[in-house]
1. Return an integer: the convex hull volume of the alpha-carbon atoms of segment 79-171, in Å³ per residue.
2. Residue by residue through segment 37-44, which ³J(HN,Hα) values in whole Hz follow from phi under the Karplus form 6.51 cos²θ - 1.76 cosθ + 1.60 (θ = phi - 60°), with glycine and proline marked x?
3. Order Met114, Met47, most accessible first, counting only protein heavy atoms with a 1.4 angstrom probe.
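The values are calculated or read from the model by the stated rules, or taken from the named source; none is laboratory data. Please read all numbers here as calculations on a predicted model, not as lab measurements. Protein only, heavy atoms only, side chains kept; ligands, DNA and RNA dropped before computing areas. Shrake-Rupley method; radii C 1.70, N 1.55, O 1.52, S 1.80 Å.
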Amino acid sequence: MTKIKTIEDFIEEAKNWHKRRPSAERGPDFQLRDNQGVPLEENEEFMLEIYDSDSDNDNDEEDDYETEPGYIEAFKLTSDSYSLHGSMGHGATFGFKVVDKITYLTHNGGYACMGTDEFELQTVVEPGIPTKEGRIQIHYAEDGNVLLSQWNGDVYFYCEWIKSSLGILNTDCSEEDIRWTKPLKLVINRV
């Protein structure tokens, strides 16, 4: 029997919303690992699969068709920058570099960083690492999936699917989105 929530239950849930958010704390021994838990080397390529927790439910009323997995894809903006989006069925290859004990996602010679729109994710092909304000931080959730956030924060990226095959990767610092939007969870698959 399902318990009906009271107003007090909703008030208590609203007071404790921060407990639903993943922790942004990381230890000094951070190491990027694939979906099997095996550490990656700097020269290895991988894809970032979008983990869809909704596909794990046992709802018998779901559609009877199989959907392709979602991935992070890179679309060329200019000669030296790419916009990163969610894409169904195919994705871009990524790598990483460790500089001064900081792990940076890389793509096509550039570093993943905050975009010019300040809330979007992009890569810029340039020799220098992103500024502190432009850095992306990589986290592991309790379930082993990867989360991306703005540097030193708990504002995580999420994917807003605007078409069945295209999703916008975004962060939004509004209180509503921080409270209720589920962070984008990723799985690292070796190429």
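1. About 120 Å³ per residue, rounded to a whole number.
2. Listing the rounded values in order: x, 8, x, 8, 9, 4, 8, 7 Hz.
3. Heavy-atom accessible area, descending, gives Met47, Met114.
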